[in-house]
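Here the structure comes first, spelled out in structure tokens, and everything after it is commentary.
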Amino acid sequence: MSAYQNDIKAIAALKEQFGSSWSAINPESVSRMRAQNRFKTGLEIAQYTADIMRKDMAEYDADSSVYTQSLGCWHGFIGQQKLISIKKHLKTTNKRYLYLSGWMVAALRSEFGPLPDQSMHEKTAVSNLIEELYTFLRQADSRELDLLFTALDAAREAGDQAKAAEIQSQIDNYETHIVPIIADIDAGFGNPEATYLLAKRMIEAGACCIQIENQVSDEKQCGHQDGKVTVPHADFLAKVAAVRYAFLELGIDNGVIVARTDSLGAGLTKQIAVTKQPGDLGDQYNSFLDCEEITEAELGNGDVVIKREGKLLRPKRLPSNLFQFRKGTGEARCVLDSITSLQNGADLLWIETEKPHVGQIAAMMDEVRKVIPNAKLVYNNSPSFNWTLNFRQQVFDAMAAEGKDVSAYDRAKLMSVEYDETELAQIADEKIRTFQRDGSAHAGIFHHLITLPTYHTAALSTDNLAKGYFAEEGMLAYVKGVQRQELRQGIACVKHQNMAGSDIGDNHKEYFAGEAALKASGKDNTMNQFS
């Protein structure tokens, strides 16, 4: 017997127990409300989605073709529409997640207005967005189930038992819109205690997976900007531990931590690592510093020196009091960061790169996997990359290396529309199309995400509407470009009153007041034009 039928039986028994005072209670109506409110707390969501992620990670270990994906969403409605679309077109949410981008929180959700991605926004904006996303996803469940309940009632009223049985089966086997969120905690917003406190808020809101990076918290920069400053491993690992403690305290024992390294693009460190003996982790971190060998007589006032292998080394220190790494050490530092993180509590890796190149990513992951064979990567398919130019240049270089004639192309100008129909551009587009599949097969990428795609899609669609509406097209710009497309593509929110919960509210009114209910969904409701 399904949960739906079990609830009807249980409420019927309660109704009988309480007698005539419960005469207005319809057990099936209660069962429907319970089905529409499956997840009562954020911790229930965190546990449910952590189980999903762990299952998906194990399945990827067995078969790298079953990677996972997400899109970054900056508002609950955007996340909701994404999941509704996935269920409509692909029939299942399996292996599809949400990503919560710190960049978009800073740019779109701060009370200060748009901010750069430098951890200046309110900490609680992150946990608030997680809660908002899951509120909208739960409402998507409620709405879709409400449509099924209405269809079930119609089938019963028509005496169509076969149709009623089919709809009842859909209700009994309903797949929720609730999916895992990979949530960005930036560099932890302060010391490990601050990281722990915010992680708790995020988990309580529903996050099963928290991504944290190894930049200095008060010097944090966007991953694709200059001036990034990393911290010694001991500092970063304390924050990884703080997140794990938060998961364990709240009972989410299989919560997932993504350790992100920005070392590939970070040429600076704020401090020299503590080291107690040659070859320890602090010594390895310091070995990447750009140093010059000096004698004791050459020591200047206030100089900082490192003694290694009997030599005195003076790290290059900038006027900002930051220390500089040797050029060309980024990839080696990423590998060390990654191995160290996985050995100290992290579950997944994030290596922030400057371009989307499977070979570059694979080279680093191959080194990591020599030590940790099942190391897996969360990879940012970033809008900061010029994908068209990058892949056309990759194809250009490959063709040139093979001795093919590339004289018809200007490598620096391959973004130009004049190349769009060329053989080179078509090969590049195919490589872009298969990038995620290829990266998962060859570079250990378990999860592919685009950090801020919906920031760009909102801007693009708004530009297209404004361009026509405020010019000669007038209302036709909206009708032709938006509403007509919604109708023809079956976009759920064309019935925006229904999407906002009008029909759910009407049904509740009927549960509560019976025939006396004043409902909004009568014959004069303009939503009927879209039936």
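The values are calculated or read from the model by the stated rules, or taken from the named source; none is laboratory data. If you're wondering where the values come from, they're calculated on a predicted model, not measured in any experiment. Please note: Cβ atoms are built from the backbone with ideal geometry, for glycine as well, and neighbour counts cover all protein chains shown. These accessible areas exclude ligands, DNA and RNA; they are computed on the full protein's heavy atoms, side chains included. Shrake-Rupley method; radii C 1.70, N 1.55, O 1.52, S 1.80 Å.
Would you mind working out the magnitude of the charge dipole of the chain relative to its Cα centre, with +1 at each Lys and Arg C-beta and -1 at each Asp and Glu C-beta, to the nearest 20 Debye?
460
Quick one: pull the percent of accessible area on the chain belonging to carbon and sulfur, 1.4 Å probe, ligands and nucleic acids left out.
Of the solvent-accessible surface of the chain, carbon and sulfur hold 52 percent.
Once you keep just the Cα pairs under 8 angstrom separated by 6 or more residues, what percentage relative contact order results for region 89-171?
So the answer I get is 16 percent.
About its Cα centre, how strong a charge dipole does region 82-157 have in debye, to the nearest 20, once Lys and Arg get +1 and Asp and Glu get -1 at the Cβ?
440
Calculate, for the chain, the solvent-accessible area per residue in square angstrom, rolling a 1.4 angstrom probe over the heavy atoms of the protein chains. Walk me through the numbers on the way to the answer.
Working: 25950 Å² over 531 residues.
Normalised by residue count, the accessible surface of the chain is 49 Å².
Set the Förster distance to 30 Å, then compute FRET efficiency between LYS355 and ASP61 from the Cβ-Cβ distance, nearest 0.05.
Working: r = 27 Å, r/R0 = 0.91.
Working from the Cβ atoms, E equals 0.65.
Can you give the extra length, in nm with one decimal, that the chain gains between ALA466 and ILE372 once fully stretched, where that is 0.36 nm per residue apart less the Cα-Cα distance?
28.6 nm
Round to the nearest 0.05 the FRET efficiency obtained for ASN191 and ARG54 when R0 = 25 Å and r is the Cβ-Cβ distance.
About 0.25, to the nearest 0.05.
Using a Cα-Cα cut-off of under 17 Å, which lysines could be cross-linked to LYS307, ignoring same-chain neighbours fewer than 8 residues away?
Hits, sequence-local ones excluded: LYS276, LYS316.
Roughly how many Å is it from the Cα centre of region 115-155 to that of region 345-373, as a whole number?
Here the answer is 33 Å between Cα centres.
Can you order the peptides 475-483, 81-89, 208-216 by their average number of other Cβ atoms within 10 Å per residue, highest first?
Working: 475-483: 13.8, 81-89: 17.4, 208-216: 26.2.
Peptide ranking by packing, descending: 208-216, 81-89, 475-483.
Sum -39500 (n - 2.57) across every DSSP H segment of at least 4 residues in the chain, then divide by the residue count to get the 222 nm mean residue ellipticity, nearest 500. Kindly include the intermediate steps, with their values, before the conclusion.
Details: 20 runs with 256 residues, N = 531.
After summing the helix terms and dividing by residue count, I get -15000 deg cm²/dmol.
For LYS163, give me every one of the lysines with a C-alpha distance below 28 angstrom, ignoring sequence neighbours fewer than eight places off in its own chain.
Candidates past the 8-residue exclusion: LYS9, LYS87, LYS88, LYS91, LYS495, LYS509, LYS519, LYS523.
Restrict the search to region 239-342; then list the trypsin sites (Lys or Arg not before Pro) that DSSP places in a loop and that have at most 16 other Cβ atoms within 10 Å of their Cβ.
Values: sites: LYS239, ARG244, ARG260, LYS270, LYS276, LYS307, ARG308, LYS311, LYS316, ARG317, ARG326, LYS327, ARG333; in loops: LYS270, LYS276, LYS316, ARG326, LYS327.
For trypsin sites (Lys or Arg not before Pro) across region 239-342 that sit outside H, G, I, E and B with at most 16 neighbouring Cβ atoms in 10 Å, the list reads LYS276, LYS316, ARG326, LYS327.
Which of ALA194, VAL105, LEU152 sits closest to the plus end of the dipole of region 101-236, meaning its Cα is farthest towards the positive end, when Lys and Arg get +1 and Asp and Glu get -1 on the C-beta?
The listed residue farthest towards the positive side: ALA194.
So for region 240-282, considering every pair of alpha-carbon atoms, how many percent are separated by more than 16 Å?
Percent of Cα pairs beyond 16 Å in region 240-282: 62.
Could you pull out the GluC sites (Glu not before Pro) across region 366-443 that fall in loop regions by DSSP (anything but H, G, I, E, B) with no more than 16 other Cβ atoms inside 10 Å?
Answer in residue order: GLU402, GLU421.
Which one, ILE257, CYS291, CYS334, is farthest towards the positive end of the dipole of region 220-374 when Lys and Arg carry +1 and Asp and Glu -1 on their Cβ?
Selected residue: CYS291.
Could you give the Stokes-Einstein D for the chain in µm² per second, using the C-alpha Kirkwood radius, 10 °C, 1.306 mPa s? If you can, show how the numbers build up before the last one.
Working: Rh = 26.5 Å.
Answer from the Stokes-Einstein relation: 60 µm²/s.
Along Cα→Cβ, 7 Å out, is where each label goes; now give me the distance between the ones at MET120 and THR135 in nm to one decimal.
So the two model labels end up 2.7 nm from each other.
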